[in-house]
Amino acid sequence: MWKIPLADLRLHPDDHTAVLEVLASNWLTMGPKTQEFEAAFAKALDPDNPPFCYAVSNCTVGLHMAFAALDLGPGDEVIVPSLTFVATANAALYTGATVVLADVTSEADLTLSIDDVLAKITPRTRCVVPVHYAGQPCDMARLKRECDLRGIAVVEDVAHAPLADALLQDQDPAQALGTIGALGCFSFFSNKNMTTGEGGMVVTRDPLLADKLRLLRSHGMTTLTLDRHRGHAYTYDVVAAGFNYRIDELRAALGLSQLGRLPENNRRRGDVVEFYRQKLTRIEGLLLPFAQRLPQGRTAPHILPVLLPAGLVRQAVQEKMKEAGIQTSVHYPPIHTFSHHSESPLVRGESLPLTDAVAPRLLTLPLYPELSESDVDLVVQSLQWSIDQVRAAM
Ligand SMILES: Cc1ncc(COP(=O)(O)O)c(C=O)c1O
């Protein structure tokens, strides 16, 4: 249907083999493949000092588990950007906490504004959730410093940015996103930079939080089915009202296989972004956020949001792009504009002027590792044509 889709999942023969091997092994629920996947993910994040990693059924439950491990509950406040996927806020709402929505930094930097976070901190603020939107790091150096000073936990939403780094201090080596805050949560949904279909990973460097995550992932039970199968345990105690947020072996095997190709795919995504950066300058009035940013170590571009020239009706542009065979999307309708969240007494969405200004202009263009320079040319030419057509009809 599309000449160029928004994202394109291309599974490798190794992915098929990995999953089939698990099927043949007769052990499908969380077990040794999951442990292998977690160890490999931890090493990929930081080979010298691997963090604790727990694979889960998806990033949304991973975020919930992270908030539960921090004992968030009614009366606590969690600061979340309004410009994110709704799961970031919903997972905090599951705990009964209040979600306070914060603004983006600028038109050119759509990550969380640390100035706005500071303005919205109250004595009840327990947690801030930077979302590394589009694969671009938030200002983690400043956020971590400010939150550490106030005893506020940072939970990174790293759904868009697996194996991207951020610099905390100029002289120090860059650190993997997801390992800087108290906890980091990754998504392996099928449109992400690496996928397990549905899946996620929760990461921490704190051994106490790690113990809590391990228990919360599996009903608060002190032993696992695998321990009992191996004869290492005969019974169990339950020490928390935990969840069943486990991944399974099929998805862990797929994750391991995908992880092997992630650095190369992230690099190719970077090349595609560079093509866009060069070619989009042709379109007058269009803004490419993050275009001026310098890499802070490894990069993991995930989506390609642009800001359309002001005054155009976005949906009209999207319809023309569809006519040209190019799929587009919007990341994201801001959380404070949703019916549930705008009416909920547990969501505070005041004073978000920059988010309100950029939201109607946001358009996401196709981005995946296999896009060629001529594909990007076609997308950019189609966008120019679409804008011209919409202007002519105004
Ligand atoms: C920023 C962000 N956070 C959280 C999630 C939730 O991830 P999952 O679908 O794995 O639950 C997503 C998924 O699209 C996301 O983009």
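The values are calculated or read from the model by the stated rules, or taken from the named source; none is laboratory data. This structure is a prediction, so every number in the text was calculated from the model and none was measured. A quick note on method: Cβ atoms are made from the backbone with ideal geometry, for glycine too, and the neighbour counts reach across all protein chains shown.
Tabulated values for the structure
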| read-out | value |
| --- | --- |
| Answer from 20, 45 - the residue that is at pLDDT 95 or above and either within 16 Å of the ligand (Cβ to nearest atom) or out of contact with any Pro (no Cβ under 7 Å at 6 or more places or on another chain) (or both) | 20 |
| Selected residue (criterion: nearest to the ligand (Cβ to nearest atom)) from residues of the range 48-65 that are in contact with a strand residue (DSSP E or B) (Cβ under 8 Å, 6 or more places away or on another chain) and not in a helix (DSSP H, G or I) | 58 |
| Cβ pairs under 6 Å, 6+ apart, first in the range 119-144 and modelled with pLDDT of 95 or more, second surrounded by 21 or more Cβ atoms within 10 Å (Cβ to Cβ) and of a type in the set (Asp, Glu) | 124/77; 125/77; 129/157; 130/156; 131/157 |
| Qualifying residue in the range 66-77 (condition: of a type in the set (A, V, I, L, M), under 27 Å from residue 290 (Cα atoms) and either outside the structural domain of residue 160 (by TED's automatic domain parsing) or in contact (Cβ under 8 Å) with a residue 60 or more places away in the chain (or both)) | no |
| Unmet criterion (only one of (1) in contact with a helix residue (DSSP H, G or I) (Cβ under 8 Å, 6 or more places away or on another chain); (2) assigned to a helix (DSSP H, G or I); (3) within 23 Å of residue 194 (Cα to Cα)) for residue 134 | (1) |
| Checklist (1) in contact with a Lys or Arg (Cβ under 8 Å, 6 or more places away or on another chain); (2) buried (at least 21 other Cβ atoms within 10 Å of the Cβ); (3) over 30 Å from residue 30 (Cα atoms) applied to residue 153, failing item | (3) |
| Output for the range 153-207, where each listed residue is assigned to a loop (DSSP other than H, G, I, E, B), among the acidic types (Asp, Glu) and away from the ligand (no atom under 11 Å from the Cβ) | 170, 172, 206 |
| Filtered residues of the range 66-95 (kept if hydroxyl-bearing (Ser, Thr, Tyr), under 19 Å from the mean Cα position of the chain (by Cα) and away from the ligand (no atom under 13 Å from the Cβ)) | none |
| Residue 14 over 18 Å from residue 249 (Cα atoms), surrounded by fewer than 21 Cβ atoms within 10 Å (Cβ to Cβ) and either at pLDDT 95 or above or within 16 Å of the ligand (Cβ to nearest atom) (or both) | no |
